[in-house]
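Chemist: First the structure, which I've put down as structure tokens, then a few questions once you've had a look.
The values are calculated or read from the model by the stated rules, or taken from the named source; none is laboratory data. Predicted model, so just to flag it, every value in this text is computed and none were measured. Here the Cβ positions follow ideal geometry from the backbone for every residue, glycine too, while neighbour counts run over all protein chains shown.
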Amino acid sequence: MAHPKRRTSSATRDKRRSHHKLTPKAVTICPNTGELHLRHKAYVVDGNLYHNGQLAIKNYTSVAAPAAAGDTGSDEE
């Protein structure tokens with residue numbers, strides 16, 4: 001395996017990492033609903049699913065709906 005001949009100084013290390021930063025996500029305001037949403041993604045407003053500023057699905061419910069309120073997930077009775 002290759003090993004460094006010299007220890008990398010903190011200045012060299014930090015110069016290399018100077019471009020390793022997070023960029024903010026692109027957020028847009030919908031002209032129809034006035035809702036903030038991620039660009040190129042569908043979003044839910046008042047139970048309706050919108051995409052590209054248009055109503056995609058009316059009365060939308062998520063496929064991964066939460067479990068029933070009475071179900072705790074345990075088998076003990």
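Chemist: Consider segment 1-43. How many of its residues are in a loop (DSSP other than H, G, I, E, B) and touching a Ser or Thr at 6+ places or on another chain (Cβ under 7 Å)?
Modeler: Looking only at that region, the number is 1.
Chemist: Restrict the check to segment 65-77 and report whether at least one residue is loosely packed, with under 10 Cβ neighbours inside 10 Å, at pLDDT below 90, of a type in the set (S, T, N, Q) and in a loop (DSSP other than H, G, I, E, B).
Modeler: Yes, the conditions are met somewhere in segment 65-77.
Chemist: Need pairs with beta-carbon distance below 9 Å; first residue closer than 27 Å to LYS41 by Cβ and within segment 12-29, second surrounded by fewer than 10 Cβ atoms within 10 Å (Cβ to Cβ); sequence gap 6+ or separate chains.
Modeler: These pairs meet every condition: LYS25/ARG39; ALA26/ARG39; ALA26/HIS40; VAL27/ARG39; THR28/ARG39.
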